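Below is one structure, written out as structure tokens; comments come after it.
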Amino acid sequence: MIVGGSMSGLLTGLLLRKRGWEVDVYERVASELSGRGAGIVAQADLIARLRAIGLDTHDLGVEVTTRQILEADGRVADRLECAQTLTAWERLYRLLRDAFPPARYHRGRGLAGLEQTDAGVVARFADGGTAQADLLVGADGIRSTVRHACDPAIVPLYAGYVAWRSLLDESDFSPAARADLFELMTFCLPPGEQFLGYPVAGPDDDLRRGHRRYNIVWYRPADEGGKLRELLTDETGTTHAISIPPPLLRRAAIAELMDDARRLLAPQLADLVALMDEPILQPIYDLEAKRLAFGRVAIVGDAACVARPHVAAGVAKAADDAAALVDAVAEADDVPAALRAFEAARLPVNRRIVERARHLGAYLQASQTAETGCSDAPVLYERGQREVFCGLTG
């Protein structure tokens, strides 16, 4: 059984089914999942994994061949040829969800606890029900209930900055903005910040010109005890612990975002920010579990490791986690031993991904340090600026 019915859970479930396992997925949320405001860079290895499951990746997303950096005055500072497939969370999720048997996907079943025996794992759900299996996979995200039950010491660590996200309709673009921006991945890099935007499919996976959407991500510093707390506090004075629902964002915070866009970003990008009717605030966290296997229980995807988004590796890493887990247990007589082998294979990979993402994210800290006069900071800033632009940023 798999706890968590999003990307990593569905990827693991589909791969296990392909190898002959009976699989049930248990998702805490009762309604259909939504990845509002999320764009995804579909890496080549992710596309290969999807094809190996037997999924049709034709028209997975928008094909973009060029990246550009805009200066604050709107001039093009640099361009780089870099072919990529850019898709939306909903497009990829729907592809996986439709491939998984509906009768085996159980919504509104939040995990309350689990017990292990030599013969299997018993899961207890918040609705009072139970289920038993030979293997339990925790694919329930950064705040994983499964991980907390097995290793409560591992918690997310705030990285010191947030991302503002939004999806804009292509139809909202002026003809000039569509010509200058829409077919490219565009960066703007004010000191201590990073803005990027790129096209993705429109609603219902629509790839027709004029019907697509544009994914915006703007990384901005926010100290944990000050600015972050302020951003997570709604109009009633309630401070939210992890994130804040978009409708509850204070209007003053959004107005400040619009004002800062005019002050810091290229004019054509500030115009896009002005179109963000209900932006999403995403605090950025690092998470790296030191263990992935606990007897007959394993954790994958964001439950096991969360790297900052700069490496665009979230879903691709989840697919690799799933493939490694399935390879380890597919023909195994000893499930705990197989999971230990999975853990030994994936922990070093997770560590490299987290370190790489921190390295790219350090560009933001280096930029901030540059403003304080650190002698090495300007060099770090210029090097980081180029590396962010050329790296697998998404």
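The values are calculated or read from the model by the stated rules, or taken from the named source; none is laboratory data. If you're wondering where the values come from, they're calculated on a predicted model, not measured in any experiment. Virtual Cβ from ideal backbone geometry, glycine too; neighbours counted across all protein chains shown. Heads up: the accessible areas ignore ligands, DNA and RNA and are worked out on the full protein's heavy atoms, side chains in. Shrake-Rupley method; radii C 1.70, N 1.55, O 1.52, S 1.80 Å.
For the range 229-245, enumerate the residues that are at pLDDT below 95 and buried (at least 17 other Cβ atoms within 10 Å of the Cβ).
Hit for the range 229-245 is I244, nothing else.
With in a helix (DSSP H, G or I), open to solvent by 20 Å² or more (accessible area, probe 1.4 Å) and either assigned by the TED database to the domain that holds R308 or on the phi < 0 side of the Ramachandran plot (or both) as the only criterion, which of A77, A52 stands out?
A52
Scan the range 64-81 and report the pairs whose first residue is more than 17 Å from F182 (Cβ to Cβ) and whose second residue is loosely packed, with under 14 Cβ neighbours inside 10 Å and hydroxyl-bearing (S, T, Y), with Cβ atoms within less than 8 Å and a gap of 6+ or a chain change.
Close Cβ pairs satisfying both conditions: E81/T65.
Quick check, is E32 among the acidic types (D, E) and touching a strand residue (DSSP E or B) at 6+ places or on another chain (Cβ under 6 Å)? If you could, list the steps in order and put the result at the bottom.
Values: among the acidic types (D, E): yes; touching a strand residue (DSSP E or B) at 6+ places or on another chain (Cβ under 6 Å): no.
Spelling it out, it is not the case that E32 is among the acidic types (D, E) and touching a strand residue (DSSP E or B) at 6+ places or on another chain (Cβ under 6 Å).
Out of the residues in the range 148-165 that are touching a strand residue (DSSP E or B) at 6+ places or on another chain (Cβ under 8 Å) and farther than 30 Å from D277 by Cα, which is surrounded by the fewest Cβ atoms within 10 Å (Cβ to Cβ)? It would help to see each step written out before you state the result.
Applying the first criterion (touching a strand residue (DSSP E or B) at 6+ places or on another chain (Cβ under 8 Å)) to the range 148-165 yields 149-151, 154-165.
Narrowing the set further to residues that are farther than 30 Å from D277 by Cα leaves 149-151, 154-155.
Working: A149: 19, C150: 23, D151: 16, I154: 18, V155: 12.
Among them, the one singled out is V155.
Starting from the range 247-273, keep only residues that are under 17 Å from Q194 (Cβ atoms) and free of Cβ contacts under 8 Å to residues at least 24 places away in the same chain, then list their pairs with residues that are open to solvent by 70 Å² or more (accessible area, probe 1.4 Å) and charged (D, E, K, R) whose Cβ atoms are within a distance under 8 Å, requiring at least 6 positions of separation or different chains.
Taking only residues 6 or more apart or on different chains, the pairs are A270/R262.
Of the residues R212, R220, only one is within 19 Å of the chain's Cα centre (by Cα) and crowded, with 17+ Cβ neighbours inside 10 Å; which?
None of the other options fit; the residue is R220.
Give the residues of the range 96-114 that are of a type in the set (A, V, I, L, M, F, W, C) and out of contact with any helix residue (DSSP H, G or I) (no Cβ under 9 Å at 6 or more places or on another chain), sorted by residue number.
A103
For A222, are the conditions met, namely being outside the structural domain of F182 (by the TED database), at pLDDT below 95 and hydrophobic (A, V, I, L, M, F, W, C)?
No.
Any chance the range 13-24 includes a residue that's open to solvent by 10 Å² or more (accessible area, probe 1.4 Å) and small (G, A, S)?
yes
Which one is nearest to L46 (Cα to Cα) among residues in the range 101-127 that are crowded, with 18+ Cβ neighbours inside 10 Å and of a type in the set (A, V, I, L, M, F, W, C)?
Step by step, filter the range 101-127, then rank; the result is L111.
I'd like to verify a number: residues in the range 289-319 that are charged (D, E, K, R) and either under 30 Å from D118 (Cβ atoms) or open to solvent by 30 Å² or more (accessible area, probe 1.4 Å) (or both), how many?
4
Given the criterion within 30 Å of A42 (Cα to Cα) and basic (K, R), identify the matching residue among K290, K227. Break it down stepwise before answering.
Numbers: K227 fails: within 30 Å of A42 (Cα to Cα).
Result of the check over K290, K227: K290.
Being surrounded by fewer than 23 Cβ atoms within 10 Å (Cβ to Cβ), assigned to a helix (DSSP H, G or I) and in contact with a Lys or Arg (Cβ under 9 Å, 6 or more places away or on another chain), is that true of even one residue in the range 134-147?
Yes, that holds for at least one residue.
Tell me, yes or no, whether the range 128-145 has at least one residue that is closer than 26 Å to I242 by Cβ, of a type in the set (V, I, T) and at pLDDT below 95.
Among the residues of the range 128-145, at least one is closer than 26 Å to I242 by Cβ, of a type in the set (V, I, T) and at pLDDT below 95, which makes the answer yes.
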